[in-house]
Structure formats: structure tokens, C-alpha cells
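Engineer: Encoded as C-alpha cells, here's the structure I'll be asking about.
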Amino acid sequence: MTAPDTHRAIEAVWRIESAKLIAGLARIVRDVGLAEDLAQDALVIALEQWPETGIPNNPGAWLMATAKHRAIDRIRRNVALEHKVEVLGREIEIQQELAEADFEAALDAAIADDVGDDLLRLIFTACHPVLSTEARVALTLRLLGGLTTEEIARAFLVPEPTVAQRIVRAKRTLAEARVPFEVPRGAERTARLSSVLEVIYLIFNEGYSATAGDDWMRPALCEDALRLGRILAELAPQEAEVHGLVALMEIQASRMRARVGPSGEPILLLNQNRARWDQLLIRRGLAALERAEKLGGALGPYALQAAIAACHARARTPEETDWARIAALYDALAQLAPSPVVELNRAVAFSMAYGPAAGLELVDALTSEPSLKNYHLLPSVRGDLLAKLGRFDEARAEFDRAASLTRNARERELLLERAAACARGSALPPR
Amino acid sequence: MRFLMYTIGDDSVPIPPPSPELMAEMGRFMDEATKAGVLLATGAMAPSAQGVTVWFSDGKFTVTDGPYAETKELIGGWALVQVASKAEAIDWAKRFLRIVGRGESRIRQVFGPEDVEPKRA
């Protein structure tokens, strides 16, 4: 193998092993920041040695043993400091773990479950509410996604030192707040889990909003988020909302090739060429949704959104869409997680299921909503419904307003075409 | 990035049925790959004798039953994985082959919905 090949191979091992490594170390040293430093030390040693010795047969175990030796070195160096007894106790613990290392191969299967627990603890810690959202995102990608600081910076279009700072501060915050390395239980678990899901979905949406010409690291965030979601679904299989989120992401990702036109213009769901939807991801999404539904109980917000996405995914043509079911799902979503944007989508679903007048009634209730004041989709939807009802003058004014609010040039063009069509007394521009 | 990884073998040579130990180890490996979030789909090929080849040339179809002439180049099983790089796909193939003991695995990138399509010139 050439040197760059070996380097790439080591990076690949790191992608696969780093989260498990950091999680296992964090359980021993009870400090996520220190655990990551130790894991990085082991990586540096691997980068020095492996090009000479070749990659070991079990690289994960090698990295873990090396990192544990580093842990002991560090503790010995710090032993002169205050908490002598406590530190010595920790050293004995790690020595014991090292003595057990010989049996590790035999115990691999038994340990696999513990690794899962450690990973789950690591996810909950990285997404702890004591951290800012930005810090949670950066820490999750770094500790669980195995991304470098540089990769995170490129993906989020921020300077590398900013991300590095964010991670350093996040680790310090966790240490200062003495956040325990554990999986929360009871009522706290629900709240903490929704923070985890929020972080993963945020990463996904950041990638989903990438546009042509962006660095490839941006759309790759969708893959990173999907991978995190799929991992979490196996770590916490009894959590319906985890499967709900995975289902939502799989189905949304299935449309990636269909949602942008040749010149980079966004293509709305109903106008997409469904032959370009990825059937593999749709099937995976529907399977994940089924797992969420089988766990029983009322569907949570992610599972409801996934169920809505699934209605579209199941329809071979836009005409086959089960709009009555979508409207009912939006009803449930509006009850559970009310927001003006959900209301607007609910209005669209109602107009498709029960006619434009039913939709317009719901949209009209939103026109005084302050958070939608500058949201171009509100006048755009209202214009569409008015045009369908033949109220072209009002419709034209709404399309003009929507055109003045959108930041997307191509969308503005489409809205102005619709305004012009209304001026001619027609609901749709000529094709 | 999506990759199709497939094993290559000679299906005129019968393979002895895998030992229970190998089956168990393979089960653990598949479990690990699923838990790592990389495994999208897997499958195994039926013997090539059951296969069919359809040719189309000069406006004429020719349908031939298997097996193929070159039996050493046949696909046995396959796995579709989603990983961060080609190097990562290679690492998973190594993990797989280490369990099997010996064999040949080939890796081809498959374009998924996340890949930008080549622009027309």
C-alpha cells in the first residue's frame, strides 16, 4: 500500500471505530473531553506506526488498548495533584480493564451490548441541553459521526477555528456542569431524546438545503444524519420517535434527485418526476415507519411527518395521493406540535382533500400571524387558492406579494408568471 | 456514498455448507454493520445454472439458459452499503473476508439520490 492509501485506510478505520472508542473511554474516565483527547492520541500513534507495521487485524481493539495506556500515563503525570486517592482508584480500575484486554477477543460478543450502552450515553451527552444547539451539532458530528473539525466547518460554511472553539467550549461546559455520562431515565429521557432527535434532524436539513455549486461536504450531511439515525434506531429500538425520524429522513432523502431541476430550480413535490424517487430509500422509510407504528401508542411529531411523507411516497401519481389521510395527519400534528407553518401545510392538505374554499378558510385565519408576515409561501398558497376559486384580482395581488418576498430568483420568476396569468383571467400560466 | 460489494466465485465448484460457528460469526458481523448504520440491503445469487442471458443485436433477440461460459467470474452474494468513502467500503470488505477466511470481494460505487448527476456538456 502506498502512503496516501494507508492514510486513507486509517481514516476509514477511524470513521468506523472512533465513536465506539470515545464512548468506551468516556465510561472509564467519565469525561467526554478527556476521552476524545485519548482517542486522538491513539489515532496519532496509529498514524505513526501503521504505515510501518500495517493495519492490525482488529484495529478497534488496538486503538482501545493504546488509548487506555495513554490514560494511565496521563493519570500518573497528574497524580501529584489534589485528588490522589480518587485518581489512584481510577488507575487501578483502568489497570484491571487492561489485564482483561487479553480476554477481549473472546468477550467481544458479550461486550457488544455494553458498547451499545456506551454509544447511547455518548449521544445523550453530546446533545445535552446544557450546550447550545450549535455546540450540540458540532460535538455530535465530531464524537459520533467521526468528522474532523475541518469537515464540519466546510459543511456548515463557517471558519475552522470557529468550530474548533465551539467544540473546546462544549467539552469544557460538559465538564464544568458535571454532566454524568449516562442514559437519562423516566420523564427526563423523553425531553433529552427529543434534543437528540432535533440535533440529527438539524444536521439532515442543513444538508438538504445545500444547493448546486456547494461544497460536497454539505449534501454529505444528509448521509451523516441518516447514519446517526440508523445507529440510534438500533441502540434504542423501543423508541417509536427514533424510527419516526429515520422514516422521515429516508423518505425525504429518496426525493433528492427529483427535487431540483436542470438549472438548479427547486421542483415542488407534486411536480416531481416520481420515477426519479429512490425506491430503496422509500422502502426503508416505510419499514421504519412500520416499526414506529408497531410499538403502539399515539404517533409523535416525527412519525406523523413521516406518515405524511409516506402518503406521497406510496402514490404512484400525484392524483393517487390520499389527501384526506394527509389532512387527518396534519390535524394530529397541529394538535401535538402546533405552528403556523404546520397550519399552512394543513390548509393546503384541506384544499386538496375538500376543495380550495376549505383550504382558504384555514389560510385566512393565518394572515394576521406575525411570524408568517414575511413568509412568501403564505401569499403564494393564498394566491393559488384564490385563483382556483376564480378570484383572479385578489390572486394576482397575492402572487405579486409572494414574488417580492422570496429570495429565490427562479421562484420569483414563477410567481410573477402566475401573477401575469391571473391578470389575463387564468389560473395557470401557459405551458 | 453507496457501494455494491460482491463476492466472486466459481459456482461449478460446490461450496461446503458453512459451519455453525461461521454462521454465528457472520450473523454478528451483519448485526455490527447494521448497527453501524452502513448496511442498506443484502442478497445472495441463485446458482447460475438457473440464470438466463438475453441478447439483442441486429434487431434480433437470443435467449440462452445459464450457466455462463466463464464460471470463475460469478457473483455469489452482495451487499449494498452507504459509507463515507471508498476506503471505508474497503475496510468493511476486509472485515467480511476475514470472517469468511478466504475469497475475493469486489467493490463498485453505485450512484444514489445523494450524488449529483454528471452535467451534460
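Engineer: Looking only at strands (runs of 3 or more DSSP E) that lie completely in segment B:1-117, which have at least 1 residues being within 14 Å of chain A (Cβ to nearest Cβ) and buried (at least 18 other Cβ atoms within 10 Å of the Cβ)?
Structural biologist: Values: elements: B:2-9, B:39-44, B:52-57, B:60-65, B:74-82, B:104-110.
Output list reads B:2-9, B:39-44, B:74-82.
Engineer: So which residues in segment A:137-176 are among the hydrophobic types (A, V, I, L, M, F, W, C), outside any helix (DSSP H, G or I) and within 19 Å of residue A:22 (Cβ to Cβ)?
Structural biologist: Once the filter is applied, which keeps residues that are among the hydrophobic types (A, V, I, L, M, F, W, C), outside any helix (DSSP H, G or I) and within 19 Å of residue A:22 (Cβ to Cβ), segment A:137-176 yields A:144, A:147.
Engineer: Would you check if residue A:330 is within 28 Å of the chain's Cα centre (by Cα), among the aromatic types (Phe, Trp, Tyr) and not in a helix (DSSP H, G or I)? Steps first, answer last, please.
Structural biologist: Numbers: within 28 Å of the chain's Cα centre (by Cα): yes; among the aromatic types (Phe, Trp, Tyr): yes; not in a helix (DSSP H, G or I): no.
The answer is no for residue A:330.
Engineer: Only one of A:26, A:19, A:46, A:42 is free of Cβ contacts under 8 Å to residues at least 40 places away in the same chain and within 19 Å of residue A:119 (Cβ to Cβ); which?
Structural biologist: Details: A:26 fails: free of Cβ contacts under 8 Å to residues at least 40 places away in the same chain; A:19 fails: free of Cβ contacts under 8 Å to residues at least 40 places away in the same chain; A:46 fails: within 19 Å of residue A:119 (Cβ to Cβ).
After ruling out the rest, the residue left standing is A:42.
Engineer: Pull up segment A:210-252, narrow it to residues that are among the acidic types (Asp, Glu) and in contact with a Gly (Cβ under 7 Å, 6 or more places away or on another chain), then point me to the one that is farthest from the other protein chains (Cβ to nearest Cβ). Can you show your working first?
Structural biologist: First pass over segment A:210-252, keeping only residues among the acidic types (Asp, Glu): A:214-215, A:223-224, A:234, A:239, A:241, A:250.
Right, trim to in contact with a Gly (Cβ under 7 Å, 6 or more places away or on another chain) and you get A:224, A:241, A:250.
Working: A:224: 8, A:241: 17, A:250: 10 Å.
Result: A:241.
Engineer: Can you name the number of the only condition in (1) more than 14 Å from every other protein chain (Cβ to nearest Cβ); (2) surrounded by 13 or more Cβ atoms within 10 Å (Cβ to Cβ); (3) modelled with pLDDT of 95 or more that residue A:161 fails?
Structural biologist: (2)
Engineer: Quick check: is even one residue across segment A:67-80 within 30 Å of residue B:26 (Cα to Cα), surrounded by 15 or more Cβ atoms within 10 Å (Cβ to Cβ) and either modelled with pLDDT of 90 or more or away from chain B (no Cβ under 14 Å) (or both)?
Structural biologist: We begin by selecting, within segment A:67-80, every residue within 30 Å of residue B:26 (Cα to Cα); these are A:67-68.
Then drop every residue that is not surrounded by 15 or more Cβ atoms within 10 Å (Cβ to Cβ), which leaves A:67-68.
Cutting the leftovers down to either modelled with pLDDT of 90 or more or away from chain B (no Cβ under 14 Å) (or both) gives us A:67-68.
Within segment A:67-80, one or more residues are within 30 Å of residue B:26 (Cα to Cα), surrounded by 15 or more Cβ atoms within 10 Å (Cβ to Cβ) and either modelled with pLDDT of 90 or more or away from chain B (no Cβ under 14 Å) (or both).
Engineer: Evaluate segment A:352-359: report whether one residue or more is within 21 Å of residue A:252 (Cα to Cα), modelled with pLDDT of 95 or more, assigned to a helix (DSSP H, G or I) and of a type in the set (Ser, Thr, Tyr).
Structural biologist: no
Engineer: Still on this structure, please answer the following. Within segment A:253-263, count every residue that is within 11 Å of chain B (Cβ to nearest Cβ), surrounded by fewer than 22 Cβ atoms within 10 Å (Cβ to Cβ) and not aliphatic (A, V, I, L, M).
Structural biologist: So the count comes out to 4.
Engineer: Given the conditions (1) modelled with pLDDT under 90; (2) surrounded by 15 or more Cβ atoms within 10 Å (Cβ to Cβ); (3) within 23 Å of residue A:346 (Cβ to Cβ); (4) of a type outside the set (Phe, Trp, Tyr), report the number of the one that residue A:371 does not fulfil.
Structural biologist: Result: residue A:371 passes all but (2).
Engineer: Taking the condition of being closer than 24 Å to residue A:169 by Cβ and polar (S, T, N, Q), how many residues in segment A:1-39 meet it?
Structural biologist: The total comes to 1.
Engineer: Just to be sure, is residue A:284 over 30 Å from residue B:79 (Cα atoms), in contact with a helix residue (DSSP H, G or I) (Cβ under 7 Å, 6 or more places away or on another chain), modelled with pLDDT of 95 or more and in a helix (DSSP H, G or I)?
Structural biologist: On the way: over 30 Å from residue B:79 (Cα atoms): no; in contact with a helix residue (DSSP H, G or I) (Cβ under 7 Å, 6 or more places away or on another chain): yes; modelled with pLDDT of 95 or more: yes; in a helix (DSSP H, G or I): yes.
No; evaluated as a whole, the condition is false for this residue.
Engineer: Does residue A:277 fit the bill of being within 10 Å of another protein chain (Cβ to nearest Cβ) and at pLDDT 90 or above?
Structural biologist: Details: within 10 Å of another protein chain (Cβ to nearest Cβ): yes; at pLDDT 90 or above: yes.
For residue A:277, the condition - within 10 Å of another protein chain (Cβ to nearest Cβ) and at pLDDT 90 or above - is met.
The values are calculated or read from the model by the stated rules, or taken from the named source; none is laboratory data. Since this is a predicted model, take the numbers as computed values, not measurements. Glycine also receives a Cβ, built like all others from the backbone with ideal geometry; neighbour counts cover every protein chain displayed.
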